[in-house]
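For reference, the structure discussed in these notes is given below.
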Amino acid sequence: MESFIIEGGRRLKGTITPQGAKNEALEVISTTLLTAEPVRIQNIPDILDVNNLIKLLAEMGVNITRHGQGDYTFQADALNLAYLDSTEFVRKCSSLRGSVLMIGPLLGRFHRATIAKPGGDKIGRRRLDTHFLGFKSLGAAFVKDPQRDTYQLQAEQLKGCYMLLDEASVTGTANIIMAAVTAQGTTTIYNAACEPYIQQLCRLLNRMGAKIAGVASNLLVIEGVAALHGATHTILPDMIEVGSFIGMAAMVGDGVRIKDVSISNLGLTLNAFRRLGVRIDVDGDDLYIPKQAHYVVESFIDGTIMTLADAPWPGLTPDLISVLLVVATQARGSVLIHQKMFESRLFFVDKLIDMGAQIILCDPHRAVVVGHDHQLRLRAGRMSSPDIRAGIALLIAAMSAEGISRIANIEQIDRGYENIEQRLNDLGASIIRVND
Ligand SMILES: CC(=O)N[C@H]1[C@@H](OP(=O)(O)OP(=O)(O)OC[C@H]2O[C@@H](n3ccc(=O)[nH]c3=O)[C@H](O)[C@@H]2O)O[C@H](CO)[C@@H](O)[C@@H]1O
Ligand SMILES: C=C(OP(=O)(O)O)C(=O)O
């Protein structure tokens, strides 16, 4: 186990480039299981979750060649399907949420899949009903094996159909798409999730020979094809990392440029920070966040208190709510932060309250933040990172605080942020990784 020791009060200045998107990487890497031909993927982030998925694929028999930083070819031409029944496989899947994304491709290509209860953030209940209902609609049978805590899925031939998803689940939609591309006939998915991660997955699949129409909308029409072939793909910048850097630049920046962010794929991210009063200049495909002595929270047009709430895409992503909340602690004004999707993602605010932030946790989903307007700095503290996004939010809080903080359980941060202490130290932060 490792911790970060952070000296607060250091100002960040300079240029930082976002890594490739974690959630897209997990999808497109899983999709390489759908063909025996090579699939080359570039801009893969060097982060724990992705590296664990790559290791898992290698153990399943996928031939993996690394050409350079973030540049890999995957060839699933000799899979060891027996490994999927092993206890080792089940144990590894349960430490990695992304492992759930292998079910769709395995079911699509090999007509069976064993899947363990996946790991990932402990941010409330994370049901998989949408995935399973989708597979069931395509004709798969599934049984739970309570002793091994696994699900077995089987289908002789998946058959296309119309389905209206019970919720726009991101990984659920990805999984159903990956199962449906080689199903017999046409599959129509309504209420499909349509994050850039899903759009990119569909674009790669179409390059592999799939026939998916409606990309970027919540109505996808997939005409099944007999088989897929190899292709190449480049992962988009991680919009959550971009948002996290905007948050840092607002709280402790002396002028930070975020390079090559793919602005057209950021959705409401810039809008949300601007509503907190953060100034963001757009320069080509870069963002520049100047030093700001104050940032003032907007009110709604009718004069009522600002609310920032997550929603399925193209709504505000839930993965930036924790960062927005910490930025609000130093704004001028008050804001209601409403995390609608997850049940326990806001509990980390008790740590910010210990550091001196003015926050009222109204219930598990809603927190009112009354900003200090930089009149009062947060106090350094000792804390532990409960999940990936709370982890980065606490890191931002610690960078802004007076004194030396310690954050334990930084494995949570490493799940999604590549070499984060080095990249931030290059901008002027003081973050040291230590063994516990
Ligand atoms: C590996 C990966 O890609 N993880 C992302 C993916 O997780 P994941 O795909 O697991 O998340 P889902 O989209 O399935 O659902 C997330 C949560 O939101 C709820 N929900 C979802 C849709 C909806 O219309 N209404 C609703 O309330 C679900 O019940 C669940 O509690 O999407 C989440 C939601 O953007 C992100 O936080 C995760 O970073
Ligand atoms: C919730 C997240 O990740 P995961 O779905 O992998 O747990 C996240 O990236 O914020």
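Observations, loosely collected:
- Pairwise FRET efficiency - residue 361 versus residue 298, Cβ, R0 = 22 Å, nearest 0.05: 0.45
- Highest mean packing first, where packing is the average number of other Cβ atoms within 10 Å per residue, the peptides 96-106, 311-321 line up as 96-106, 311-321.
- Length gained on full extension, residue 376 to residue 354, computed as 0.36 nm times the residue gap minus the Cα-Cα distance: 6.6 nm.
- Peptides 180-189, 12-21, ordered by how many other C-beta atoms sit within 10 Å of their residues on average, highest first, read 180-189, 12-21.
- Antiparallel bridge percentage (DSSP; both residues within the range 201-346; nearest 5): 65
- Fraction of accessible area attributable to carbon and sulfur, the chain (%, probe 1.4 Å): 50
- For the range 42-123: relative contact order, % (alpha-carbon pairs under 8 angstrom, 6 or more apart): 25
- Measuring only protein heavy atoms, the 1.4 Å probe finds residue 211 accessible over about 110 Å².
- Taking 21 Å as the limit for the C-alpha separation, the pairs 22/211; 55/92; 291/351 exceed it in the case of 22/211; 291/351.
- Average Cα contact separation per residue, the chain, under 8 Å, 6 or more apart, as relative contact order %: 21
- Using 0.36 nm per residue and subtracting the Cα-Cα separation, the extra length available between residue 305 and residue 144 on full extension is 53.3 nm.
- Using equal-weight Cα scatterers in the Debye expression, the normalised intensity of the range 22-234 in log10 at q = 0.11 Å⁻¹ is -0.45.
- Once the chain from residue 73 to residue 207 is taken as fully extended at 0.36 nm per residue, the excess over their C-alpha distance is 46.7 nm.
- Of all aspartates and glutamates in the structure, those lying under 17 Å Cα to Cα from residue 259, and not within fewer than 8 positions of it along the same chain, are 238, 241, 281, 283, 285, 286, 418, 426.
- Here the range 95-199 carries DSSP beta bridges of which approximately 70% are antiparallel, counting only pairs with both residues inside.
- Ranked by the mean number of other Cβ atoms within 10 Å of their residues, highest first, the peptides 278-290, 371-383 come out as 371-383, 278-290.
- Phi-based couplings in Hz for the range 338-350 (Karplus 6.51, -1.76, 1.60; Gly and Pro marked x): 10, 8, 7, 7, 9, 8, 9, 8, 9, 5, 5, 5, 4
- Helix 239-252 and the longest principal axis of the C-alpha atoms of the chain enclose an angle of approximately 10°.
- Only beta bridges with both residues in the chain are counted; by DSSP, about 70 percent of them are antiparallel.
- Rolling a 1.4 Å probe over the protein heavy atoms gives the chain an accessible area of 38 Å² per residue.
- Those residues of the range 219-254 whose amide nitrogen sits under 17 Å from the label point placed on residue 65, 7 Å along Cα→Cβ: 230-233
- Size of the chain from its Cα atoms: along the principal axes, largest to smallest, the extents are 66, 50, 46 Å.
- Each label point was placed 7 Å from the Cα along the Cα-to-Cβ direction; for residue 221 and residue 95 their separation is 4.6 nm.
- Between helix 48-60 and the chain: long-axis angle, C-alpha atoms, 0 to 90°, nearest 10: 20
- Sequence-distant contacts, meaning Cα pairs under 8 Å at least 6 residues apart, place the relative contact order of the range 22-234 at 21 percent.
The values are calculated or read from the model by the stated rules, or taken from the named source; none is laboratory data. Predicted, not measured: the structure shown is a model, and the values here were computed from it. Cβ coordinates were reconstructed from backbone atoms using ideal geometry, including for glycine residues, and neighbour counts include every protein chain displayed. Surface areas here come from the heavy atoms of the whole protein model, side chains and all, with no ligands, DNA or RNA. Shrake-Rupley method; radii C 1.70, N 1.55, O 1.52, S 1.80 Å.
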